[in-house]
């Protein structure tokens, strides 16, 4: 499965302007109204929707952070609290 970076043909270190230029170029080439492939165009749209937004890009680049640090070493982990949430008693 291709990453959004690969879809747009940019490196993971690309800045916002590079991402925007790549998007515009590819969107123009693959736009269905210009004879392009609809599925490819949609892939490009989705990739830019994520990489073109700083917050979404940060979440995409670091998916572990989405879970509020669950399982990270700097976050306390209380198994009893987890089991108590589900009513399990040991």
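Only the coordinates and a few stated rules stand behind these numbers; no lab work does. These figures come from a predicted structure and were not determined experimentally. When we count neighbours, we look across all protein chains shown, and the Cβ atoms used for this are built from the backbone with ideal geometry, even at glycine.
Here are the numbers:
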quantity: Sites residue 24 and residue 62, calculated FRET efficiency, Cβ-Cβ separation with R0 22 Å, nearest 0.05; calculated: 0.25
quantity: Chain lengthening between residue 17 and residue 2 when straightened (0.36 nm per residue, less Cα-Cα); calculated: 3.3 nm
quantity: Residue 33/residue 55 FRET efficiency (R0 22 Å; Cβ-Cβ; nearest 0.05); calculated: 0.15
